[in-house]
Each structure stands twice: as C-alpha cells, then as structure tokens.
Amino acid sequence: MKSTLSIILLGASLMVSAQQKTPVYLDVTKPIEQRVENALSLMTTEEKVAMCHAQSKFSSKGVARLGIPDVWSSDGSHGVSDEKLWDEWSSAQWANDSCTAFPALTALAATFNPEMASLFGKSIGEEARHREKTMLLGPGVNIYRSPLNGRNFEYMGEDPYLASRMVVPYIQGVQSCGVAACVKHFALNNQEICRGEINVNLSDRALQEIYLPAFKAAVQEGKVWSIMGAYNKFRGEHCCHNDLLLNKILKQDWKFDGVVVSDWGGVHNTDEAVNNGLDIEMGTYTNGLTTQGHFPFSSYYLADPFLKGIKSGKYEMAKLDDKARRILRMIFRTTMSANRPFGRFVSPEHSEAARKIAQEAIVLLKNEHNMLPIPVGKYKKIAVIGENASRSLVVGGGSTSLKVAYEVTPLQGIISKYGKEHVVYSMGYASGPSLYGREEASKLNADSLLNAAVELAKTADLVIFVGGLNKNYFQDCESGDRKSLSLPFGEDKLIASIEQVNKNVVVVFSSGNAITMPWLDKTPAVVQTWHLGSEAGNALVDVLSGDVNPSGKLPFSFPKKLTDIGAHAFDKLCYPGDSVNVQYKEDILVGYRWLETKKIEPLFPFGYGLSYTTFVYSKPSVDVNEVKADGTVKVSFTLTNTGKVDGAETAQLYVSKSKSVVARAAKELKAFKKTFLKAGESKTVNIEVPVSSFAYYNESKQAWEVESGSYSLLLGRSSRDIKGKVDVKVL
Ligand code: BGC
C-alpha cells in the first residue's frame, strides 16, 4: 500500500517537473509573440539561416531538434497542386493528391460576390489543410493591365476595388483552416514577356491607386500571413528584394507582420535579399546549373552567403532575427496552432462549392431571339463543336496546372443534361498538346476538321460552339503573353462558317482574357465561362438550360481592338517594353478608366452581364447632400425584377469628379452589391460608401487626400450602362 502510494507520488512529481520544463514556445495557451521570442532564444544562428531558404522545391526548414515543423507550400489559387519531387518541378506521382479544381480567379471575380470568395477560400483552405500545407501559394491580385498577359486568368480583373473586395474574404476563408494564404505577385507583375528582368516605371499615383490597393486590403483587412514577391523589377530593384515595396510600403507603412516569400527563382543577390525585406528564398538555381537535381540549397543567396555575412559582421543579426521571427510567427499561426481545424479533400461539399461559384461566374454576353435558355427536349439534334468542349482546361497554364480528381467537360455536361441520343460532337479545330514553355501545333488537318464540323452543323437543330483560349503556351498560360487579341486556332473562321449554315448558334467561351468577336453581329447568343474547374460542364448546362439564371459580370473590359486599351495606345515602351524598361504611360487609366475617359466604345464593358430576367432601377437618393471627408454616404434605390424568372443583379456605384486639381478617370468603381430577387419582387437596396474612398494619392505630399467639392455618384448595371446619378458635396 505504502509503495503504491509512493509510486503515485513519484509519478505526480515527474509530471509536474515535465510540465515545468515545457518551453513557452510549445505552450499553445501562451500568446504567439511570447512563443516566437522563446523559440528564437533557443535557436542557433545556423538554424535561423536554414529557415530562410528552400530545402526542396516546395519546402523550407523548421527546427527538427525543437519539434518545429518545416514550412510546406503548394500552388495554387484554384486548386491544391500535386506533390512534386524533392528537387524538381515534376510530379512525385503520389496516388492520393488529386484535388478539386475550383474556378480560376477571373471567374471568382466575375461573381461580384464576396460570399463566393469566402466559400472559395474556406473550401480550398480545407483541401490545403488536409494536404498538410503551411502555405497556399495564392491568391493572385495583379491588375489586368493588358489583355495579352498570359496570367490574367489567375488574377481578379482590372479594378482595384473589385479585387480588394474579393481578396479579403478569400484570405480569411483560407486562413480559417490554419493555412497561410500567400498573396501574389507583389507587385506590378502585369506581363509575362521579360518577366524576370523587366523594370516597371510608373507614377506614384498609378502605383498607389491602381496596382497596390488589393495587396493593401489583403494585408490590412485580410490580415494575410504571407506574401510572394514578383519576378520583375520596380524602379531598378527586383521586387523580391525591393526596399521601397517590401521595407517601406509593406512592412513599415502597412505594418505587415507575416512572411515575404520570393517567387521561385526571383532572388538575385545576397545583399539585397538580406536588407530589402525578403524572408524566405525559393527556387533559386544559384550555381547556374539547370540540372536541378544537383544544385545545392546551401548555396542559395540566403543560405551560406548569408550565414558567412552574419558571422563576419557584414550583416546584422537583427536582420536575421526579424526574418526568423516572421517565419516562426507563421508556423505558430498554422501548423503549431492549437486552433488548427482538420481539413477535408475532394468532399461533396467542395464539388458543390465549385459548382456554385462557377454558376455565379458565368457571364451572358448576348442573347437575342431568346436563344437561351435551352429547355430539355426543345432541340432534337444538338451539335457540339469545338475543342474546348472535350479538352481538359485544368491541365497546363504553368504553375496553376492541376492534377484533379475529376473534371466534367462541357461536352459531358451537355450530354448528361440533354441526353446522349440528342448530342453529336465534332472537334472543329485543334490546338497542339499542352506543353509548358513551348508551342506545338496540332498535327490534325485544320481544313478537314472545319469541313466536318460545318457538315455536322448543317444537319443540326442547334449548334453549341465551345471554344476560346486554352492553357497552352501563348494562351492562358504562365511564361508568355498572347500574341494577339484574336481567337486562336482558326476559331473565328470556324464560327463564321458555322453561322453560314445554321442560324441557331450559341457560342461559349472558356478563357481568362478578353477576345475579339468579328462574327458577333450574326451570332444570337454568347456566353463567357472563364475556366471553371472540376464542375465546368455541370455549371455550364445549369446556365444553358435555365436551371440557373446567369448573374456574372465582366471583371475586365472587352475592347474592340487592342489599341483601344491604354497599355496599347502608346509605343512599345508602354507594352511590352524595350526588354529593359516598361513605362506605364496610361498612368491611372487602366481598363474601363481609359475607355470611359477617352470615350471609346468597348465590345463589352467592365461590369457588364445579362440575365434571363430584367431589372428596373428607381432613381437613387442619398442620405446626406453634404458630408465631411471622414463621413459616409448612403445611396438608396429600389431594384425590381420585372421579368418572369428569379435572378440576381449586381448594382455598381461609380464615383466621378469633373472639377479636380488632378487628372481623374471619368468614373471609378467604389461600391457594388449583388441582390437576389424573385420574379416580380422589389427590394430597397442601400449601398454605403466611405468618403475616404474618394481620395486620390497626392504625390507631392506622398499621402492620400480627399478633395472637397462636388462628386457625382453614378449607379449602373455596368461601367457604361448608368441608370441614375446623384451628387454630393464633400466639405
Ligand atoms: C510562379 C508562382 C508560383 C511558383 C511556384 C512561379 O513560377 O510565378 O506563381 O507560385 O512558380 O510554382
């Protein structure tokens, strides 16, 4: 009895001493900052340096001795990529990493619905969490400057306000899963041509008003835990180690306390990497070898050269401590957080989310003679024509290429909706195979493909053409820009030829970029579907059939021709640059800001999108006619669904100031609201706008300033279709 008691007492005292020994950094009840300082105090200089550079293609070291896990990241912003080999870009060929592909981010932006962004972030965050990722390499919020940029499909359109409103809930959704979102590419990565060295020059106003707001919102409102530097230079310094961008703007002005990760191969020298705000270096081929299996991670700019510099006193220990602190903070917020929920992977809920977002993203561009919707049974023979109907659009495109659990193609969707016996298919045109970094034409004969499709179209009651861009090099793809605004692969000729033999044609596009449509006058219906991911085919037929009423709006303008866009209205230096410099001569007039200010009619304007129903806006009113610069204006109006089907409408509020001390865009989006209305229903819609959002960036004061005087608030269905106007005076 006595000995049992002493064993119990001994056991209890061991437990107490074990508890007493638990270091603070492992105590999840302690504030993160205390844990960070404690961990830092236990680490050697070598261990701190080891955290600051890659140890494999997609990971960097933790501190194994202390039980601090490595940092694992994964692309991308619309699906969690497959595992890669330790030291190569190639797939590791695991059998358990096929993900759900959510729609690409232009599609998300087209929903104009922050709730969709939240659902997106939560769903993809759960997938990343299940896959044990510390960091998800996305979302991308570079502004759509030129319709030729190969990576536009990865971003959220041409308007800084829209991108800001969508990026914040996306980040919050991802991070609620205990995974750090990594907003990219900071900043000004607006083209792929010469992306590794092009030096971007632009005014402070354009920088602050157009290119930075979405990043700022990600940091200050989304509280993002990591950010990725861009490949290009800005004012002479590479963005991955750019004093102005990283030290001054991001860390000092915006108070970012997370981790700056380089883009893969975006670091170029140790001094700048140490001093100019970078925290983790990834993807560098330091020894110049392209045989990736053989270069040492220890020779990265932030590896041995950094360690040596610390030891010799060339670099301050405080610089290293700051980097290590930020990395530890991210680890304690994610993999070492007690609040980290479990994730899930390829769950039915994720498919449902992907389908819902895709449905809301689809934009109806044209619908004459009530071509759409197409009820089941209306047409006996439906000819589906076009390679994008059957081709995978989640494979290719560069780092966003996904290995998916499944992908419902448009053709599969159409067959399952309208019945196998009613659907026939012809490819019509062919692109080459999906190769990264090079172009290869298809070996199939273009004339034969076209003729076969036209013959089929003659016999059909309805033609659904499914084309657009794909994820090949020079299309919607990283590492290259498009060569023209036109449709590729002879699609224009094919569409025109089909229209000569059949009047019932619905044209459906997958693309993350604007295209020209020389055949538009003869085409009764056009639908823009972006790249919709795993549920592409299902979401498409949901809209085509009328099960879902389309409500997407364009997140960027479709110009009639390339030179109608500001970035292409000047010389080569403005786009794509002279291979050393690019000068953003259009300044703040990006996208619709240029078109509206210069009074150029687009093919389809920013914010445009039709519905199967009709909406009527009442005259808007404001709660105040005069307001102080720190006040808020409430705009109210009644929105009525005057048609026969339920639907949603995104009302957009643009601000315009005709008399100003600075040059201003004719109008700028400052608020939007998506409202669902049953057929015949009316609702009062209130939109609140803070007057601070009317500010311009005063370059001489290096500060935001709200000008006093009169402003017009323009309420519209798109940037061109303004339904009402009301003026306010700022005191
Ligand atoms: C891309 C990044 C991506 C990284 C890792 C780079 O080439 O620019 O967006 O996250 O590769 O795949």
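Remarks
- Residue count, segment 650-675 (criterion: among the β-branched types (Val, Ile, Thr) and within 24 Å of the chain's Cα centre (by Cα)): 2
- Among residues of segment 67-81, those that are out of contact with any Pro (no Cβ under 9 Å at 6 or more places or on another chain) and either away from the ligand (no atom under 13 Å from the Cβ) or more than 16 Å from residue 264 (Cβ to Cβ) (or both), counted: 7
- Selection from segment 126-143 of residues that are in a helix (DSSP H, G or I) and surrounded by 24 or more Cβ atoms within 10 Å (Cβ to Cβ): 126, 127, 128, 129
- For segment 84-110, residues that are crowded, with 16+ Cβ neighbours inside 10 Å, away from the ligand (no atom under 12 Å from the Cβ) and in a strand (DSSP E or B) total 1.
- Residue in segment 419-431 that is more than 28 Å from the chain's Cα centre (by Cα), of a type outside the set (Lys, Arg), within 27 Å of residue 568 (Cα to Cα) and not in a helix (DSSP H, G or I) present: no
- Selection within segment 603-622: residues that are assigned to a loop (DSSP other than H, G, I, E, B) and touching a strand residue (DSSP E or B) at 6+ places or on another chain (Cβ under 6 Å). The member of this set that is surrounded by the most Cβ atoms within 10 Å (Cβ to Cβ) is 607.
- Residue check for residue 536: touching an Asp or Glu at 6+ places or on another chain (Cβ under 9 Å), aliphatic (A, V, I, L, M) and buried (at least 24 other Cβ atoms within 10 Å of the Cβ): yes
- Any hit, segment 210-223, residues being within 15 Å of the ligand (Cβ to nearest atom), over 16 Å from the mean Cα position of the chain (by Cα), buried (at least 24 other Cβ atoms within 10 Å of the Cβ) and under 23 Å from residue 582 (Cα atoms): no
- Scan segment 51-72 for residues that are assigned to a strand (DSSP E or B), closer than 18 Å to residue 337 by Cβ and touching a residue at least 40 places away in the same chain (Cβ under 8 Å) and the total you get is 3.
- Residues that are buried (at least 20 other Cβ atoms within 10 Å of the Cβ) and within 24 Å of residue 528 (Cβ to Cβ) do occur in segment 375-383.
- Residue satisfying condition, being under 24 Å from residue 536 (Cα atoms) and part of a loop (DSSP other than H, G, I, E, B), within set 123, 81, 146: 81
- Residues (modelled with pLDDT of 95 or more and within 16 Å of the ligand (Cβ to nearest atom)) located in segment 402-438: 402, 403
- Exactly one residue out of 319, 356, 323 is part of a helix (DSSP H, G or I) and touching a Cys at 6+ places or on another chain (Cβ under 7 Å), and it is 323.
- Here the strands (runs of 3 or more DSSP E) wholly within segment 623-731 that include at least 1 residues being more than 24 Å from residue 165 (Cβ to Cβ) and basic (Lys, Arg) are 722-730.
- Criterion: assigned to a loop (DSSP other than H, G, I, E, B), out of contact with any Cys (no Cβ under 7 Å at 6 or more places or on another chain), under 18 Å from residue 278 (Cα atoms) and modelled with pLDDT of 95 or more - qualifying residue of 222, 196, 157, 178: 196
- Once segment 257-271 is narrowed to residues that are in a loop (DSSP other than H, G, I, E, B) and more than 9 Å from the ligand (Cβ to nearest atom), the residue that is surrounded by the fewest Cβ atoms within 10 Å (Cβ to Cβ) is 269.
- In segment 471-495, the qualifying residues are those that are buried (at least 20 other Cβ atoms within 10 Å of the Cβ) and over 22 Å from residue 390 (Cβ atoms), and the one that is nearest to the ligand (Cβ to nearest atom) is 478.
- For residue 137, the conditions (1) within 16 Å of the ligand (Cβ to nearest atom); (2) in contact with a helix residue (DSSP H, G or I) (Cβ under 8 Å, 6 or more places away or on another chain) all hold with the exception of (2).
- Contact annotation: residue pairs with Cβ atoms under 6 Å, 6 or more positions apart or on different chains, pairing a residue in segment 548-573 that is without any contact (Cβ under 8 Å) to a residue 24 or more places away in the chain with a partner that is surrounded by fewer than 21 Cβ atoms within 10 Å (Cβ to Cβ), are 563/569; 570/585; 573/583.
- Residue list for segment 500-527, filter: outside any loop (DSSP other than H, G, I, E, B) and either crowded, with 20+ Cβ neighbours inside 10 Å or within 16 Å of the ligand (Cβ to nearest atom) (or both): 505, 506, 507, 508, 509, 510, 525, 526, 527
- Residue under evaluation residue 33, criteria (1) closer than 30 Å to residue 166 by Cα; (2) within 16 Å of the ligand (Cβ to nearest atom); (3) of a type in the set (D, E, K, R), criterion not met: (2)
The values are calculated or read from the model by the stated rules, or taken from the named source; none is laboratory data. It should be emphasised that the depicted structure is a prediction, and the values quoted were computed from it without experimental measurement. Backbone-built Cβ (ideal geometry, glycine too); neighbour counts: all protein chains shown.
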